[in-house]
Amino acid sequence: MNSNILVSQHRAVALGLLTGLLNGLIALGGGVLITPFLILAGVSPQTAVGTSLVAVTILSCIGFTAHLLLDGTSMEFALIFAVCAGGVIGSVIGSKILARITPQWMLILFAIIQILVAIRLIDQGVGLALMGEVVPSIPPLGTYVGLGIFSGILSGIFGVGGGALVLLGLAAFYGLPVIEGLAVALALNVTNALVGVARHVRYGKILWSELMFIIPAALIGVVLGAALAHELPGNLMSVLFGGFFMFMGIMLARKGYKLTK
C-alpha cells in the first residue's frame with residue numbers, strides 16, 4: 001500500500017471501523033470521513049470522491065440489509081423512489097461542480113454544512129428549542145424530492161451518500177425519529193453513490209488498494225452500529241449525531257483554512 005496516501009494499514013483499518021459504525025448507527029455513508037481524509041493525505045478531490053463512493057455503495061447495502069434483519073425499518077417505497085429520483089438529478093449536477101472546486105474550498109463548504117446541521121440537531125436533542133420548537137409532522141412528498149436533489153448535489157461534489165443529510169433534515173425540521181428514516185437514507189446512499197461510481201471507475205479515479213483495508217473493517221462497524229441504533233433513545237441519537245458533525249465540521253474548517261494560507 002502506498003504510504004503517501006494512508007500512513008499505515010492500521011489507520012486504514014481504524015478509518016474503516018469508524019466509517020462502518022457511523023453507517024450502521026446513523027446511515028452515514030462514509031464519505032464524510034473518507035473523502036477529507038484522502039484529500040488531506042494528498043489525493044486529488046476526484047480520486048478521493050471516487051474511492052469514497054465505492055465504499056458508500058458497499059457499506060450502505062450492508063447497512064440496509066442489517067437493519068432489515070433487525071426488523072427496525074419501515075419500507076415506504078413511494079418515499080424511497082421520490083428521494084432517490086431527486087438524488088440522481090442532484091448527483092449529475094454535483095459531479096459537474098466537482099470538476100471546478102479546489103480541495104481547500106471543498107473542505108470549508110463541507111465544514112459549514114456540518115456545523116449548521118449539528119447546531120440544529122443538538123438543540124433538538126437537548127430540548128433547548130433555541131432555534132424554535134420542532135412539532136412532529138409528516139413531511140410532504142415534495143420535501144423528499146427536494147432533500148434528494150440537495151443530497152445528490154453534495155454526493156457528486158464530496159463523495160458522500162447523502163442519506164445522512166436527508167435523515168438529519170427530516171429529524172431536525174419534521175421531528176421524524178432517526179430510526180424511522182433509516183430505510184430511505186440508506187437506499188439514497190446506494191443510489192447516489194452508484195451514479196458516481198461508474199463515472200469514476202471509467203476514468204480510473206478509485207484507490208482499490210486502500211479499499212481492501214477500509215471495507216473489511218467497516219463491515220464489522222456496520223453490524224455494531226446497526227445494533228446500537230435499535231437500542232439508543234431518539235434524543236440521545238440526535239445529540240450524538242449532532243456532536244459528531246460539530247466536531248468534524250470544526251476540524252475540517254481548520255484544515256481548509258490552513259490550506260488556503
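Restricting attention to the stretch 209-220, does a residue exist that is farther than 18 Å from I62 by Cα, of a type outside the set (V, I, T) and modelled with pLDDT of 80 or more? Within the stretch 209-220, one or more residues are farther than 18 Å from I62 by Cα, of a type outside the set (V, I, T) and modelled with pLDDT of 80 or more. Could you say whether any residue in the stretch 139-146 is at pLDDT 80 or above and under 21 Å from T57 (Cα atoms)? Yes, some residue in the stretch 139-146 is at pLDDT 80 or above and under 21 Å from T57 (Cα atoms).
In summary, P103 fulfils each of the numbered conditions (1) modelled with pLDDT under 75; (2) under 23 Å from H230 (Cβ atoms) with the single exception of condition (2). Checking E180 against (1) within 21 Å of L147 (Cα to Cα); (2) at pLDDT 80 or above; (3) surrounded by fewer than 21 Cβ atoms within 10 Å (Cβ to Cβ), which single condition isn't satisfied? So the condition that E180 fails would be (2). Exactly one residue among V49, V43, V56, V32 is assigned to a loop (DSSP other than H, G, I, E, B) and modelled with pLDDT of 70 or more, and that residue is V43. Taking A198, is it assigned to a helix (DSSP H, G or I), free of Cβ contacts under 8 Å to residues at least 40 places away in the same chain and closer than 20 Å to T57 by Cβ? Criteria met by A198.
The values are calculated or read from the model by the stated rules, or taken from the named source; none is laboratory data. Computed from a predicted model, the values in this text were never measured in an experiment. Cβ sites come from the backbone with ideal geometry, for glycine too, and all protein chains shown count toward neighbours.
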